[in-house]
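Structure record follows, encoded as structure tokens.
The values are calculated or read from the model by the stated rules, or taken from the named source; none is laboratory data. If you're wondering where the values come from, they're calculated on a predicted model, not measured in any experiment. Here the Cβ is made from the backbone with ideal geometry for all residues, glycine too, and neighbour counts use every protein chain on show. With ligands, DNA and RNA removed, areas are computed over all heavy atoms of the protein, side chains included. Shrake-Rupley method; radii C 1.70, N 1.55, O 1.52, S 1.80 Å.
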Amino acid sequence: MNSLGVLMEALASQSINTIKTTLIWLLRTTWIVGTLPILIASLPSPCLNSFHSLLLSFAKRGKIMPSSSHRFTVPQSFFLHFYLLALIWTTTLLMGTWYFAYKVTPLSTESLSYLAAANHLTGGSLVFSLHKSRFSSVDDRFNVWKAVFLLLLMEIHVLRRLYETFQVFNYSPSARMHIVGYLTGIYFYTAAPLSLCTFCVLEAFNFAADQVAEFKVEGQEMVSITDFDLWGYMKPLTRLGWCQWTGAVIFAWGWFHQLRCHAILGSLRERGDRTNKYVIPYGDWFEVVSSPHYLSEMILYAGLLVASGGTDFTIWLLLGFVFQVANLVLAAAETHRWYLRKFENYPRNRQAILPFVY
């Protein structure tokens, strides 16, 4: 039985490592492919003007999209699809990873001793043994809990965005966005949460599948509602390092200002107002930039990078994608130009997206 277990462990580990490597490089490749065109279009060359205009047409939405350009577009209210998808997917990843972290990769030596004793008293579980052997080092266990922390921050973000879609924003009936921008958003909210937990996501869901299989075989006596330990799930998060909490503070700073800026934008149009009337927004970071909601998003994703420790190249590429594409720097500049054309009294001290810089 011991030899069989060793063989199963070796085969499972090799298979998961192969799939994990493929997943990581697939994510990295798509982040690069998504970011590179924007960087190329930003080069100051007349030869790239038509390419720049093409990308800008993909980035335009809402008030900066001409009414004559509604071909290959969808209503801007379809933003709701992004956040519904993001909430379902991020919640699934968070629950699976958090359960795996609690069951297999405790941070404290006390928890390790408890799990070992429990496993011995119950006759030993091959599932637990196989999974624990892959995350035996302190660094590995720490990285699993770090993934939980990043997903928790992402969950907080997408929950608020979904709430704002229902309760804050009142999109104009004529507001549209390009289908390419729509598909980009769908991809982003699928790949971004996944990029935060590539270190352990396959093992987490493999473990969950194994648990379901064991449950079916061994029966319901394996599960007891009274065994749920809320503090046991939360305590390891309090043991994370200064990097994680510094990143959380940066994330919260961007999150809070995006909340305020979205509230300001939402207040410019009364709920039920079907007109296309626009006014100049004032307050919070609108005093220094025209698209502070983009700026705050850049900051909160920078907070996620800091919380990750900055050692995962995939998250660096995710941040680059956010800076260049997800926040649509081209669209921010176009929004700024639109305000200047639309309003003669528009504050001239405002920049497009970066205070005092751009």
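Residues of segment 235-308: accessible area per residue at 1.4 Å, in Å²? On a per-residue basis, 45 Å².
Using heavy atoms of the protein chains and a probe of 1.4 Å, the accessible area assigned to Tyr171 is about 50 Å². Computed from the C-beta positions of Ile186 and Thr30 and an R0 of 22 Å, the FRET efficiency is 0.95 to the nearest 0.05. Under the simplified labelling scheme, the Leu56-Glu344 pair shows an inter-label distance of 2.5 nm, with each label point 7 Å from Cα along Cα→Cβ. Taking the protein heavy atoms of segment 239-322 in the context of the full set of protein chains, the accessible area attributed to carbon and sulfur is 68 percent at 1.4 Å. The protection proxy used here, the mean number of other Cβ atoms lying within 10 Å of each residue, ranks peptides 339-348, 91-100 as follows, highest first: 91-100, 339-348. Our estimate of slack between Leu39 and Ala209, defined as 0.36 nm per intervening residue step minus the Cα-Cα distance, is 57.0 nm.
For segment 241-357, the relative contact order works out to 35 percent when only alpha carbon pairs closer than 8 Å and six or more residues apart are counted.
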